[in-house]
């Protein structure tokens, strides 16, 4: 069995469906954070542990995003076109969602601007939309990373450390004026998995995409054991967040391998792929809608399970509408360019 190989190419072949997997994982985390666990005993402890582990869903996003950026810049090396393609995929949807939820969430115009530019997270440490606040500057800096990856592993390590120090430095400076400890942790713990994703992109392109079964199993089990110990001994530590990247890599690779063995037209894979297409608006809408419905007791009196189902249905509907509207905007922009 140790001679078997897991192909990293499955991450590329099933990228959309894996985005769907990450979306489901994050959704579980959101509802756990909002609703908690409605029962006690050993069952509650088990649910709490696995729900906390769902933090690695965002790391799957970062892993696949890094890989996607590598492909994008390899396909067309023009930097300005690269920026246009990438930002047109995320910024219209983000802005639309902020505008839609401005009134329900009590956002002022200033709040919308600060959230959209990421300055709200980096200056206050408030975790609202921290993923967007991190991914936007990573997109801006990616061409430098791409050049490093094409050079050598040593260059990648230097870039990784430099990028972490840059973001950590910004967080430290901001913490002088604001309570911004969380951005410091994010800068150090979440950037490596993004860079790993870009490196995976090169390995796949260079046909060096195999990983031994033994290596893969050790990777997954080690990450799980370490994070179990860390959560128990030092909860919410930076090391814990670093381990999420290992778990995300192992889970994504395992799910991709299962999908590669599934029959054509597999219903579950197709549903996950559809969810992957709307993963960004789903991620941004899900927590906002769930909190809004709970705060205003929209479904008060209904069982928690029914509340969750209705919230998910609402999130999917709004996400689809947002995705379709922004796809229309992108198509019109592409026609103008031609």
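General remarks:
- The listed residues are 332, 242, 324, and the only one of them that is modelled with pLDDT of 85 or more and assigned to a helix (DSSP H, G or I) turns out to be 324.
- Elements of type helices (runs of 4 or more DSSP H) contained in the stretch 9-83, each with 1 or more residues being within 25 Å of residue 192 (Cβ to Cβ) and modelled with pLDDT of 90 or more: 9-13, 15-35, 56-75
- Positions within the stretch 97-126 being in contact with a helix residue (DSSP H, G or I) (Cβ under 6 Å, 6 or more places away or on another chain) and in a loop (DSSP other than H, G, I, E, B), in sequence order: 101, 118, 125
- Residues of the stretch 212-232 satisfying the condition of being surrounded by 18 or more Cβ atoms within 10 Å (Cβ to Cβ) and either modelled with pLDDT of 85 or more or out of contact with any helix residue (DSSP H, G or I) (no Cβ under 6 Å at 6 or more places or on another chain) (or both): 216
The values are calculated or read from the model by the stated rules, or taken from the named source; none is laboratory data. Bear in mind that the values here come from a model prediction, so they are computed numbers and not experimental data. A quick note on method: Cβ atoms are made from the backbone with ideal geometry, for glycine too, and the neighbour counts reach across all protein chains shown.
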